[in-house]
Amino acid sequence: MAEKTAAGAAAGLRRDAVGLREVLFQSVTAMAPAAAVAASIPSGAAFAGGSLPLAVVIALVACLFTASCVAELARELPAAGSVATYAARGLHPAVGFLVGWGYVFVEALIPPLLLLQLGFTAAGTLHDEWASWPADLWWPWSLAGAAVIAVTGSLGVRASARFGTALGVFEIAVFLVFAILLIGKAGAHNTLSVFGTSHTAEGYRGISGVFAGSVYTVLAFAGFEAAAPLAEETRDPRRTMHRAVLGAALGIGLFYVVTTYAMTVYFGPDRFAGFGAAGDASWEGVARASFGLFWVLVFLAVVNSTIANANACANVSTRTAFALARIRVLPRVLATLHPRYRSPVVGIAVQTVVAVGAVLGLGFGYDPVTAFLLLATVIVTVVVGVYIVVNLACAGYFLRRGRESLRPVRHLLLPLLGIVAFVPALLTAAGLPVFDFVTKLTAPVSYAGPVVGVWMATGVVVLLVLIRRHPERIAETARVHLEELEELEQGDDRADAVDRRNGDLPR
């Protein structure tokens, strides 16, 4: 019996390969904290101005609603399919398939998104320092990043997760040290008024400006769920997944609050509406002007953040694709594992080809910055939609389990609040001008909507074909393979205990 269990474990992803630290940083690096602080969160300053720290606090609370739902489902349903499995169990297997179909698509696009950012950030900075370096020579950096991620991923989840942990520690440490320096230099200008509404940007006075800023800031939290697809490779996954998802969302949210507060009081709350992602009024610009060579560390932290984020999301896309391929709703070849490292090598190869193709095709077809914005719009639109569905799935799952398991606040109220929080973010990401602060998208970024529509329509066609020809495969999107293995192991333990009592095994 024990030999059968060992054979079953060997047939899947590597069991017990990583622990809390690694999966915590899987989610942390998927949120790209340094890149978010330097590039994403400042976009909210145009609305919240010097009240941006309050907007970040509101965004943190809003994201914790959904993080709580993901954590609850991750504890109940530890599966590489993660959000697809949650939707299948909580709503319907067909919904689970469509969630997985969309999630694999956008998670596969995140590495090229980050590799584009790596390319134009590195090339632009080198050109600023040495004019002889061509500003448009961005692609070697992107390809180098793709090679690093492919090699690390192929060596297995342990190598990939530890690599991500080291990168995550570095970027957080750099920005926390910088934040402490900023708070110290601000001196008497430190003020809690930035957690009020008195410093919002002109034209967005009061709470409306803070709300607008928080909507843009919410998008910086995307990725907190990235630990969940590693459930089958994690020690004590039920407990570890719950702690990792909530810990990442809360920890990085507080990191965002501290760093945003530090820059706001140093730069000046009443001038902060002009703060952005580049130029003198940016994190790198302030570091260059006031802290000497410290800007090099800030630059390296942002570059580091792009690689760490791409690495984490490559893990997500390949594990989700593996989960869907082993039940044959995606091509079975994507479930092929390396004989030694147990990594989904075919999925990693496909991920690398997609990344390089998207980087070079879109980067040269438009330019790297425009390609970045197009991919970002596609990704955020789908990811936020997935978060809304997962909130619904949380409520559905616990309602189905019955009154004994249902906790009304945790399983009904928080999912509702999570949906309310993410609907404005979804409309903003899609460029739908429901609010006056939403900017309507222009071409080619506006192509994101049709791209998402075509992909999801294709998914519906595939779903209908599978329902007609192989309905059992769609039903298996709700299957939690780890539960079956746990039951088998428990059976082995009971059998071994009987054998010991009978004297067939040594004590």
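The values are calculated or read from the model by the stated rules, or taken from the named source; none is laboratory data. In this text, all values refer to a predicted model and were calculated from it rather than measured experimentally. No Cβ is skipped: glycine too gets one built from the backbone with ideal geometry, and neighbour counts run over all protein chains shown. These area figures cover heavy atoms from the full protein model, side chains too; ligands, DNA and RNA do not enter into them. Shrake-Rupley method; radii C 1.70, N 1.55, O 1.52, S 1.80 Å.
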Self-check item: Single condition residue 387 does not satisfy, out of (1) within 25 Å of residue 231 (Cα to Cα); (2) without any contact (Cβ under 8 Å) to a residue 60 or more places away in the chain
Solution: (2)
Quiz item: Given the range 36-105, what helices (runs of 4 or more DSSP H) lie entirely inside it while holding 3 or more residues that are of a type outside the set (Gly, Ala, Ser) and open to solvent by 10 Å² or more (accessible area, probe 1.4 Å)?
Solution: 52-76
Quiz item: Identify, please: which residue in the range 347-404 is under 27 Å from residue 443 (Cβ atoms) and not in a helix (DSSP H, G or I) and is, among those, least open to solvent (accessible area, probe 1.4 Å)?
Solution: 367
Quiz item: When you go through 213, 247, 168, 209 one by one, which is the residue that is within 30 Å of residue 344 (Cα to Cα), open to solvent by less than 10 Å² (accessible area, probe 1.4 Å) and not aliphatic (A, V, I, L, M)?
Solution: 168
Quiz item: Right, residue 407: open to solvent by 20 Å² or more (accessible area, probe 1.4 Å), without any contact (Cβ under 8 Å) to a residue 40 or more places away in the chain, among the charged types (D, E, K, R) and in contact with a Phe, Trp or Tyr (Cβ under 9 Å, 6 or more places away or on another chain) or not?
Solution: yes
Quiz item: Given the conditions (1) open to solvent by 10 Å² or more (accessible area, probe 1.4 Å); (2) under 24 Å from the mean Cα position of the chain (by Cα); (3) at pLDDT 95 or above, and given that residue 193 satisfies all but one, which numbered condition is not satisfied?
Solution: (2)
Self-check item: All positions within the range 331-345 that are in a loop (DSSP other than H, G, I, E, B), touching a His at 6+ places or on another chain (Cβ under 9 Å) and open to solvent by 10 Å² or more (accessible area, probe 1.4 Å)
Solution: none
Quiz item: Which ranges mark the helices (runs of 4 or more DSSP H) fully within the range 234-330 that have 2 or more residues being within 28 Å of residue 195 (Cβ to Cβ) and in contact with a Ser or Thr (Cβ under 8 Å, 6 or more places away or on another chain)?
Solution: 237-267, 294-326
Quiz prompt | Candidate set: the range 1-27, residues that are open to solvent by less than 30 Å² (accessible area, probe 1.4 Å) and in a loop (DSSP other than H, G, I, E, B); chosen: the one modelled with the highest pLDDT | solution = 19
Quiz item: Is it the case that the range 224-233 has a residue that's open to solvent by 50 Å² or more (accessible area, probe 1.4 Å) and at pLDDT 95 or above?
Solution: no
Practice problem: Return the pairs, sorted by first residue and then second, in which the second residue is among the aromatic types (Phe, Trp, Tyr) and open to solvent by 30 Å² or more (accessible area, probe 1.4 Å), the first residue lies in the range 158-172 and is touching a residue at least 24 places away in the same chain (Cβ under 8 Å) and within 15 Å of residue 226 (Cα to Cα), the beta carbons are less than 6 Å apart, and the residues are 6+ apart or on different chains. | Solution: 164/25; 165/25; 168/25
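Confirm whether residue 503 is modelled with pLDDT under 75, on the phi > 0 side of the Ramachandran plot and either part of a helix (DSSP H, G or I) or open to solvent by less than 80 Å² (accessible area, probe 1.4 Å) (or both).
Yes, satisfied.
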Quiz item: Within the range 458-483, can you find the residues that are open to solvent by 80 Å² or more (accessible area, probe 1.4 Å), in a helix (DSSP H, G or I) and closer than 30 Å to residue 15 by Cβ?
Solution: 472
